Each structure stands twice: as C-alpha cells, then as structure tokens.
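For reference, the structure is listed below as structure tokens.
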Amino acid sequence: MQDIPQRHQPRLFRSFFQGSFPCSTACRSEGKRLDMVISSGHDMLLDHDYAALKALRLLSARDGARWHLIEQVPNQYDWSSFLPMVQAAQRHGLQIIWELAHFGYPDHLNIWKNSFVDHFSRFAGAMAQLMYDEGIRLPFFTPVNQISFWSWAGADVAWLNPHSAERGRELKRQLVRASLAAIHAIREVYPEARFVLTDPLVQIAAEPDNPDSKPHADAQHQAQFEAWDMLAGIQAPELGGSLDCLDILGLNYYPDNHWFFAGAPMPVDHPARLPLHQLLAQYWQRYQRPLLLAETGAEGDARAPWLRQVSEEVTLALNQGIAVEGISVYPVVEYPMWADDRRSPGALLGLGDPNGNRTLHEALALELRSQQIKLQSRYQEV
C-alpha cells in the first residue's frame, strides 16, 4: 500500500500570504537608472504602505535596500535611504525579506571584477550589522534577486546593466560568487539568518509540430535550476557553493512563464501546459528545500482569478506534502513599469494620490481575504 503524503503545514513566515514591493534599481540604458521605490511612491509612503499591508493581514513582505544609494562612495555607507524602512517595518510589526541587489549596484563598481564581490560582501555584512543594532532578530535576506534572469537580461541580450551580449554564463557565475560571499558575511553577524534565493519558475516544452525539439526544450527547462545548483555546489563547485547555502527557494511565477522551445507563448488551455503544483513538485523533489512563491500576479481583471488559481494549485501541493511556505502578491503597490514606463495594471494598491492614499483593488483584496480564510480553516498561521 502506497504511503499517503502528510499535508505540509506552513509555519516559516508570520503570514502565508505576503506582499512584494517593487524595488528594482536596474540601469535600462547608460545613464538611465530606475529606482522603483521612488517611482512607486513607496519611499514617501512607507508608513502608509506598511500599515496597509498589516490591515490586509500581510504580515510578511519583500522589500529592498538600494545599494547604489547606500554606497555612492566606495566603502562608505549612507543608510539614510534604508534605515527608515527598517524602523517603519518594526513599528508596524512586519517581517521583511530584504533584497540587497535587485538588478542594480553602485556606479563606481565593475560587475566583472573580483572587487565587485568584495564590495558586495562588505556591504552585506554592514547591512546585517545595522539591522542587528536596530534590534532585528531572525532576519530574512535575498542577496541577489533572480540571478538567472539578470544574467540573461544583462549579459545575453543587453537589456539592462551591464549591457553585454553572449556573456550570460559568465555573469551567472559572478552573481553566484557575490551571493555566496554575502551569505557568509551576513552569517558572521547572524548565524541564524535565512535566505530566500529567487529566480523565475518556468516551463519550456517541445514545439507541438516538431518532436525533434524535445531534447533542446528539456535542456532549456533544466537550465532554470543552474543558479541554485551552483549555490549548492552541485554544479561548478569551484565557485564555493555548498548545500548549507541553499536555503529557501523563491520562485517568481506569472501567467506567461510557460512557453515552447522556440519562444512562442503557451496558451493557457494547451495540453502541454503543466499545472503549477506539478512544477512545484519538481523543485521539491530536486532540492527538498522550503519553497516561497516570491512573486506572482496578473494584470487587469485577471488579478483575482489568477490569485484564486495559484492558491488552489498551492493547496494541492501542500496536500502532497510539498513545503510551500507562502505566496507573495506582486506588485503590492502600483508603479510605472520598469521596462517601458507604462503603469503597472496588476497591483493590489494603486499609486498614491496627493494625500498619500492608495486605491485598493477591491476584487483582488476580496479574493485575498477569501483565500486567507480558507487557509486558516486548514492551518493555524504563525
């Protein structure tokens, strides 16, 4: 008789449903840096935003330190852009997963040099010490957001910094080195620190009319695991990875994260499209590490139905014993899109008005509350 898996009970974060703030600081072109904390109004509305999350029972969130502002002068740290965030989160009782590098870094650094890793390590240690001195205990960090995506966008197709082509593999290795250095530096301050290591969760399938594409599609699908394998020392052990550096897997998942080998998007009703709970099972079986849907969301009227679908799929995964520890709604506040400046139509909370108020997307908020109630009927949240 086959054993029935024991349902997983999430307990890692203060709340299972979370909010993810936009905080990219990428340079889309030379001299044009984004700062989505500013463009979303989050810098001016910290207390409003954190209070809104608490009111919505989103007690855990993802937010970011902006390294390019903090270390404008080499090895000198100006915490004036970050310390108010830490203090506001404490005032509102929020647990924050802090990002250290979300596609951005100081202008004085060359990302290809060993000195980049050294600077990032020192920055990570200094940030951890600041948080410790502020009374933060049991912290969560994301050293480098989406290593694989950044490597592709920044060094394969030159879409953002460092604006290179055909060097994606090289950048991936460098970002893994930087992540590992940051993990070790933070653990010098916080031996108990936890790390959410983010990258996109995707499905790449063979072309329906070209079965010969299957080996290529399978290889591309497997490539999504490379950064985690490097951090764990499974691949490229010379980078210094080890299993104790592979902690929580942060999976960023959107409706268009399924496509065919040549790049065509996969229709939502295509039989080749794998349901989310099966994709989550691939990660769980491979790594046996806690999973967090670190970003997920849809645009326009699809927002609420998408959250319902994702929540139902995650429930299936939990019932199969897969350790999914949370779902983070992204973006939790509206912002001009980082790729083309159009407004993001997928947020839970809109852009602030002149009085600093954000309009709540009612349908998404109602669905969120419904899913929270369903979760509470099955589990006791921390």
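The values are calculated or read from the model by the stated rules, or taken from the named source; none is laboratory data. This one's a predicted model, so the numbers in the text were calculated from it and none came from an experiment. Note: ideal-geometry Cβ built from the backbone for every residue, glycine included; neighbour counts use all protein chains shown. Protein only, heavy atoms only, side chains kept; ligands, DNA and RNA dropped before computing areas. Shrake-Rupley method; radii C 1.70, N 1.55, O 1.52, S 1.80 Å.
Restricting attention to the stretch 211-255, the residues that are in contact with a Lys or Arg (Cβ under 8 Å, 6 or more places away or on another chain) and among the hydroxyl-bearing types (Ser, Thr, Tyr) total 0. Taking the conditions exactly as written (among the hydroxyl-bearing types (Ser, Thr, Tyr), within 18 Å of Ala26 (Cβ to Cβ) and outside any strand (DSSP E or B)), does Tyr105 satisfy them or not? Yes.
When you look at Val86, is it assigned to a helix (DSSP H, G or I), open to solvent by less than 40 Å² (accessible area, probe 1.4 Å), β-branched (Val, Ile, Thr) and in contact with a Leu (Cβ under 8 Å, 6 or more places away or on another chain), yes or no? Criteria met by Val86. Does Arg273 satisfy the condition of being surrounded by fewer than 17 Cβ atoms within 10 Å (Cβ to Cβ) and touching a His at 6+ places or on another chain (Cβ under 8 Å)? Here the answer is yes, as Arg273 does meet what is asked.
Out of Asp118, Asp49, Asp78, report the one residue that is open to solvent by less than 10 Å² (accessible area, probe 1.4 Å) and charged (D, E, K, R).
After ruling out the rest, the residue left standing is Asp49.
So, of the residues in the stretch 34-58 that are of a type outside the set (A, V, I, L, M) and in contact with a Gly (Cβ under 7 Å, 6 or more places away or on another chain), which turns out to be farthest from Asn319 (Cα to Cα)?
If we take residues in the stretch 34-58 being of a type outside the set (A, V, I, L, M) and in contact with a Gly (Cβ under 7 Å, 6 or more places away or on another chain), then Gly41 is farthest from Asn319 (Cα to Cα).
Note on the stretch 182-203: residues that are over 17 Å from the mean Cα position of the chain (by Cα) and crowded, with 22+ Cβ neighbours inside 10 Å amount to 1. Look at (1) touching a Leu at 6+ places or on another chain (Cβ under 9 Å); (2) open to solvent by 30 Å² or more (accessible area, probe 1.4 Å); (3) on the phi > 0 side of the Ramachandran plot and you find that Gly233 fails only one, number (2). Could you please let me know if Gly250 is in contact (Cβ under 8 Å) with a residue 24 or more places away in the chain, in contact with a strand residue (DSSP E or B) (Cβ under 6 Å, 6 or more places away or on another chain) and surrounded by 16 or more Cβ atoms within 10 Å (Cβ to Cβ)? Here the answer is yes, as Gly250 does meet what is asked. Hey, could you check the stretch 291-310 for residues that are open to solvent by less than 30 Å² (accessible area, probe 1.4 Å) and touching an Asp or Glu at 6+ places or on another chain (Cβ under 8 Å) and say which is nearest to Asp244 (Cα to Cα)? The qualifying residue nearest to Asp244 (Cα to Cα) is Leu291.
Return yes when Glu166 is surrounded by fewer than 16 Cβ atoms within 10 Å (Cβ to Cβ) and within 22 Å of Leu291 (Cβ to Cβ) and no when it is not.
Values: surrounded by fewer than 16 Cβ atoms within 10 Å (Cβ to Cβ): yes; within 22 Å of Leu291 (Cβ to Cβ): no.
No, not satisfied.
Filtering the stretch 128-154 down to residues that are under 22 Å from Tyr253 (Cα atoms) and in contact with a Pro (Cβ under 8 Å, 6 or more places away or on another chain), which residue is least open to solvent (accessible area, probe 1.4 Å)?
Gly154
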